[in-house]
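So the structure is just underneath, and the comments pick up after that.
The values are calculated or read from the model by the stated rules, or taken from the named source; none is laboratory data. Everything numeric here is computed off the predicted structure, so don't read it as measured data. When we count neighbours, we look across all protein chains shown, and the Cβ atoms used for this are built from the backbone with ideal geometry, even at glycine. Surface areas here come from the heavy atoms of the whole protein model, side chains and all, with no ligands, DNA or RNA. Shrake-Rupley method; radii C 1.70, N 1.55, O 1.52, S 1.80 Å.
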Amino acid sequence: MTAITGRIRSVTAPVRAAFARVPRGVYSALGLAAAAIFPLLNVWGVVETAWLRVGVLSLLFVMLSLGLNIVMGETGLLNLGYIAFFAFGAYTTALLSSPKFELRWPFLAVVALSTVIAMIAGFVIGLPTLRLRGDYLAIVTLAFGEIVRLTIINLQDFTNGPNGITGIYPPRLASEGAIASLGDAAWAKWLTVDKPIEYYYLVLVCVVVVAILLSNLKNSRVGRAWNALREDELAAVSTGITAARAKMLSVVLSAGIAGFAGALYAYYSNVISPESFLFMQSVIVVCMVVLGGMGSIPGVILGAIVLQALPQMIREAAGAARSEFEVYRMLIFGVIIVVMVIFRPEGLLPDKLWRSESHEVDPRELEKTRQSLFDLEEGEKDLEV
Amino acid sequence: MLHERTRKVLALALAVVLVFGLFTISGCKTDDGGEGGDATGEAETIKIGVQTALTGPLPDYGAAAKNGVELALEDFGTFEMDGKTYQVEIVVLDDKAEPAESGIVAQSMVDEGVVGVIGSLTTGATLSAIPIYAEYRIPQISGSVTGPKANADSVDTFYRTCWSDAIQGEALAAWAIELGAKKVVLMDDNGAYAVGLADVAEAALEEGGVETLRQNCQSGDKDLSAQVANVKEFAPDALIFTGYHPEAGLMRKQMIEAGLGDVIFMGGDGIKSAEFVAEAGGTANAAGCYATFGGFPEDQQPGYEAFAEKYKAKFGEDVGPYAQNNYDAFGALIAAIKAAGSTETEDIIAALQDLEYEGVTGTFSFASETEGAVQRGDIVVAGLTPANVPRYVIEGEDWVAVE
Amino acid sequence: MSLDHIVTVTVGGLTVGMIYALIALGYTMVYGVLKFINFAHGEVFTIGGYTAAFTLLALGVNDAMSPIVMAGCILLALLAAVIAPMTVGFLIERIAYRPLRGRSRIIPLLSAIGVSIVMQQLIILVFGPTPVSMPALALGSASFSLGGIRIRVLAVVIIVVSALLMIGLTYLVRSTRIGKAMRATSQDMEAAEMMGIDTNKTIAFTFIVGSALAGIGGLLVVMYYGSLKYDAGFLYGLKAFTSAVLGGIGNIPGAVVGALVLGMTETYGVSLDLGFLAWFVLAGLVLGLYIQMVRVPGRRLQHIAEDRRTPEYEKSVKNVYRLAPYFAVKTLLAERTDALLSVSAEHAVRLMCGNAFLAASAAAMFVFGDVRIDTRWQPVIAFVVLMVILMFRPSGILGEAITEKV
């Protein structure tokens, strides 16, 4: 096995070296350009509008995965109820901008409030749970996600229960009066986002902003604190990192991003119902992060695109065989998780730190020491009651 | 080093994704063009979309809907209008009964340039498709969406050829009152269909001066002992279960085990399935359960017998749920095209509003405005009142119509 | 609310609890040995139920059969319902968990979630998406009357089987050779290996036993309720996990106690008036106050180092707990505090918040005494119990303890 991979490595080495000489940023620019040009293909008539909708949904999942990556990849906390924060954002938006309560708040206010409410939810759930160890935290967040979904179904006067909220107004980027005063100017119609292509660019801009913010954060003090906590909490704490504060920041931030994505989703889909926030959706986002590479921003983006857009493509390409494929879709998701975790835990496009950890040191040895350190510490933290 | 590498792979992957996407799409396009050229000949081809859920939670319902449309395609697929022959081509797309997926499918339909759509299958998925069809002005007729609030925004592009649950809810209430019930328990499974039905029935019962108690379970629940205990304490004359048969069967079974066999057990079309008998624990337990149905019983549907024969001959199986409603939906759409004398969607929408159609399930038209429980686009059948909604009772192994 | 109603509800709750207990035993065993949440355990349970139901259907069991033949058929179904899950459990451990042993906690959990999804899809592919229905047997619905309350024979069977399995397991872990190996593996895998224990074999054995228990659970559930759906394992698994945590994960009697408490909470919660439930909360408050005032300070005193053990210092530690919030908050706000005092103060504030919450909810429940929680909140109960127990006492009611207690 290793001999073969070694040979492959030696053959591909010069190619890789050549690629490595290309300055960083070139690839990001290329990727961004591709994403920006994609809708034009529709305008030129190369691809159909349905692909724009696939694109919008993929971008929303990219944002969700980026958010989940903060807690899961950077800080090493597993969140199995992540879709609940998405639901908080979506329902806030739906209530503030739909005929349900006859409200139509301005776009920026709604998005800001959706983000803040999701962040508050993250804070409230993080406060008592962050002292738990990893696997318990995962189960608590799973329970939280289900409680949120069931509560949405049960609060029928407020959320219309299982029927969902319909007729969410399209976002207006300027006030109604301002748009009207522009008259027939060609770009004025872009201020009311109601076409798939307009949604695409709106979401793309948001995703790019979030991605830039996160990659800066990753290389900052905060990001390094998260990584340190993930690698060895005790050592991190002894270097002066306040574990509680750093963890809370990551949970709140990731909840905020999910809320933001939820707001955009509600605007885009025009109608939301509890069916969109099932436990399986949380698992799919987890799967995207695992596939792409925990802690690696380009990896996570790739993971989300692959898992969201690939089924659609196969569907289009396979034609008649697609219902066969659908039966196997969840099966494939499950297999991806197991296979990736066993054979390539660092993901498709690994992060530097994860890579060093999972290959160069005997993981079992590393874990053993770490575990013993943690257990000692937990014993003190959990106390008797 | 690694950063460059990650970026490189990302960019490559994006490029691959794009290129792959382009190839598949252009590939699909040429295929479509080829087929269209071969099939048409003299005739002009128009496209009608079929949005259904062949995968997801209700694959059997989705397949039946598709079969119904395919049968209708054979019967009405070629027609003459203004001396020109038109040939219908159907575009079947699967939305997995998922709201997010449904939006993409609806957009694909728009892209395909369909003149009308049959579907979707479930209320949840249909809700996110309605605004897209309304925006692009494409008429949509569903043969299976029964949720009373499906067309809450009263758009003029949404129609349905199956009955709204509102009528059934009132029918259940009326029946319970007829049976002399003074105290009634309403139980739903927290799904859109069951909650809607139970809400309508509860309102109607309270109007009739009947004392009610509302109980719930979750779809997939096994143990209903808490609910049974609550029911026992309330001591009702009847229980109306508005969910589906798996939970209804369990409820009936556990009620009998708790000594509540005397309570009249009623339900909507969700429990009118032969499997209810097995799920209730055999014929002895299921005997005497009542159900209404969201449509005229098959023997009262004028064209049903012929339809069932054709269906069996073509697909080799018995008629699936809502197949004839989907057959009628397709027929009504073609009739509207003929009435409009045009394949422009605006004309078809206008024609649908005045259409009176004689289908398998009877002669019907579509409501032109929302009024009470009836919403715009709902099927209107002459002479239908909650009092003559079909009623069934279990005798032996299966449901039989009550005279 | 009559006594009759309360008794009916109690019997219902106990039966549900016993079913949770059967599944929870498997969870707790695996966790006890490996410190790992076997998320796929619920699916193993479903496989047991499906195999049992299909065996009975294939054998064509009906009431016309002679009792001996029927007993034979049920025995065969039991055998199938034990062997299939055992095989599956063994394979899962071998393929998806063993390569990950010793990695950080969330990695095997991820793998377990993946396995759980794969198995659910495989069940659909093999058995189809429609729920499997059992043949209607007189045995399945037979019941007897006890003081006017009807009790099903199968409910008694479930209770007896759970109790027997619990005793058997306790014996297995405590008094047999393999049990000793399990305990050793659980305490320190490397040391156990050095002492000549084949830890791989021991862990595989743990999985096999746990899966067999889940299979028996599947058989009993499908007989009791008459049908089973492919996704039943997810909810049952979660509820069993909740039970295991509630009782103290890794603790065998704890799993049963936790399961009973959860089953009772789920049924009591939505079928009894708040005024009645308030007494339980009040009892919880008394227990909470006892813990805060007596038990915890008592334990805390043992942490004091010999050279610091003065009566004043002991008193200040006790005061932190007893005079909370005053003293606790004061200690926390003080600029320089002793480490033990500071930790104790934080702990005390937390305990106090819990007790205050209990007091407030008891009061509110007495005020709204004749209100009953709508049954639509029933599915939320188990999740809320799970969250609360993990947040406030992750070690559970009886303590988390395969290493020490068993």
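Modelled spin-label separation between B:Lys84 and C:Tyr313, with each label point placed 7 Å from Cα along the Cα-to-Cβ direction: 9.9 nm.
Surface analysis of the protein assembly as shown yields an accessible area of 39 Å² per residue, using protein heavy atoms and a 1.4 Å probe.
Of the DSSP beta bridges with both residues in chain B, give the percent that are antiparallel, rounding to the nearest 5.
Here the antiparallel bridges make up roughly 35 percent for chain B.
Taking all protein chains together and rolling a 1.4 Å probe, C:Leu358 ends up with roughly 50 Å² accessible. Net charge near C:Phe144: determine it from the other residues with C-beta under 11 Å of the C-beta of C:Phe144, scoring Lys and Arg +1 and Asp and Glu -1. Counting the neighbours of C:Phe144, the net charge comes to +2. What's the local net charge at C:Phe276, with K and R +1, D and E -1, over the other residues with C-beta under 13 Å away? Here the charged neighbours net out to -2. In this structure, the pairs whose alpha-carbon distance is over 30 Å, taken from B:Lys66/B:Lys149; B:Lys96/B:Lys253; A:Lys100/B:Lys66, are B:Lys96/B:Lys253; A:Lys100/B:Lys66.
Of the residues B:Ile46, B:Ile138, B:Ile334, the one that moves most in a GNM of chain B with alpha-carbon contacts below 10 Å is B:Ile46.
When accessible surface is computed with a 1.4 Å probe, chains C and A are found to bury approximately 5000 Å² between them, both chains counted.
Against the criterion of solvent-accessible heavy-atom surface with a 1.4 angstrom probe, B:Glu233, A:Glu146, B:Glu317 sort, most first, into B:Glu317, B:Glu233, A:Glu146. For the protein assembly as shown, just say rounded, prolate or oblate: build the C-alpha gyration tensor, square-root its eigenvalues into a ≥ b ≥ c, call rounded for a/c under 1.5, and beyond that prolate if a/b exceeds b/c, oblate if not. Here the protein assembly as shown falls in the oblate category. With a cut-off of 10 Å between beta carbons, the residues surrounding B:Pro148 carry a summed charge of -2, where Lys and Arg count +1 and Asp and Glu -1. Is the shape of the range C:288-397 rounded, prolate or oblate, going by the alpha carbon gyration tensor and its root eigenvalues a ≥ b ≥ c, with a/c under 1.5 for rounded and a/b larger than b/c for prolate? Prolate. Magnitude of the charge dipole for the range A:206-258, about its Cα centre and with charges confined to Cβ atoms of Lys, Arg (+1) and Asp, Glu (-1), is about 140 debye.
For the range A:72-108, which chymotrypsin sites (Phe, Trp or Tyr not before Pro) are in a loop by DSSP, counting at most 13 other Cβ atoms within 10 Å?
Passing sites in the range A:72-108 are A:Phe101.
If I build a Gaussian network model for chain C, linking alpha-carbon pairs within less than 10 angstrom, which residue out of C:Gly396, C:Gly233, C:Gly114 has the largest mean-square fluctuation? Largest GNM mean-square fluctuation: C:Gly114.
What relative contact order, as a whole-number percentage, does the range C:255-406 give when Cα pairs under 8 Å and 6 or more residues apart are counted? Intermediate results must be reported in sequence, preceding the final value.
On the way: 121 pairs, mean separation 59.6, N = 152.
Relative contact order here is 39 percent.
Between B:Asn326, B:Asn388, B:Asn67, the residue with the greatest mean-square fluctuation in the GNM of chain B (Cα pairs under 10 Å linked by springs) is B:Asn388.
The modelled label-to-label distance for the pair C:Arg150/C:Ile167, using points 7 Å beyond Cα in the direction of Cβ, is 3.1 nm. Once both labels are modelled 7 Å past Cα along the beta-carbon direction, what's the A:Trp44-B:Ala203 spacing in nm? In this crude spin-label approximation the distance works out to 5.4 nm.
Which FRET efficiency value, to the nearest 0.05, is calculated for B:Val374 and A:Ala109 with the Förster distance at 56 angstrom and r the Cβ-Cβ distance? Efficiency at R0 = 56 Å is approximately 0.90. Sequence-distant contacts, meaning Cα pairs under 8 Å at least 6 residues apart, place the relative contact order of the range B:333-403 at 16 percent. For the range B:301-341, the residues whose amide N sits under 19 Å from a probe point set 7 Å from the Cα of B:Glu358 along the beta carbon direction are B:301-308, B:325, B:327-340. The C:Val126 and B:Ala287 beta-carbon pair, evaluated with R₀ = 41 Å, returns a calculated FRET efficiency of approximately 0.75. Estimated purely from DSSP H runs of n ≥ 4, each contributing -39500 (n - 2.57), the mean residue ellipticity at 222 nm for chain B is -15000 deg cm²/dmol once divided by its residues. Here A:Val11 and C:Cys353 are evaluated by their C-beta separation; at R0 = 56 Å the FRET efficiency comes out at 0.35. Per residue, the average separation of C-alpha pairs within less than 8 Å and at least 6 apart gives chain B a relative contact order of 17 percent. Determine the shape class of chain C: with a ≥ b ≥ c the square roots of the Cα gyration tensor eigenvalues, call it rounded for a/c under 1.5, and otherwise prolate if a/b is greater than b/c, oblate otherwise. Because a/c hits 1.5 or more and a/b fails to exceed b/c, chain C counts as oblate.
Here the range C:129-145 and the range B:322-356 have alpha carbon centers that stand 49 Å from each other.
Nearest 5 percent is fine: what portion of the DSSP beta bridges confined to the protein assembly as shown is antiparallel?
The antiparallel fraction comes to roughly 45 percent.
To the nearest 10, the accessible area of C:Ile381 is 30 Å² with a 1.4 Å probe.
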